[in-house]
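Engineer: One structure follows; several queries about it will come next.
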Amino acid sequence: MIPRITTSYTPSGTNIIYNTFQNHNLQVGNKIWVDVPVVGNPVHDAEYAVTVITDEDHFTTSRTPNPTYG
């Protein structure tokens with residue numbers, strides 16, 4: 001379980017780049033839940049997969065959330 005951390009994000013083409021302002025301890029392939037205070041474009045409340053780790057406080061996901069099964 002990864003604790004809730006505050007982030008900012010920047011849209012970049014078909015991706016979203018997140019800045020966590022602290023060490024996120026994530027790895028490529030990890031799933032994260034994004035809970036945005038104002039739902040809208042380009043990020044929605046949903047699960048996303050980490051696709052790139054830039055450094056200890058930046059990571060990237062696709063703009064497209066993981067599919068929901070169930």
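The numbers here are math on the coordinates, done by the rules we state, and not lab data. Note that the structure is predicted; figures quoted are calculated from it, not measured. Reconstructed Cβ throughout: ideal geometry from the backbone, glycine too, with neighbour counts over all protein chains shown.
Engineer: Taking θ = phi - 60°, what integer Hz values does the Karplus form 6.51 cos²θ - 1.76 cosθ + 1.60 yield along the stretch 48-59, in sequence order, with x for Gly and Pro?
Structural biologist: Values per residue, Gly and Pro as x: 10, 9, 6, 10, 9, 10, 7, 6, 5, 10, 9, 8 Hz.
Engineer: Quick check: net charge around residue 23, other residues with Cβ under 15 Å of its Cβ, Lys/Arg +1 and Asp/Glu -1? Can you show the working numbers first?
Structural biologist: Details: positive: 4; negative: 55, 56, 57.
That works out to -2.
Engineer: What does the chain give for Rg and for Dmax, in Å, if only its C-alpha atoms count?
Structural biologist: When restricted to Cα atoms, the chain yields Rg and Dmax of 11.3, 34 Å.
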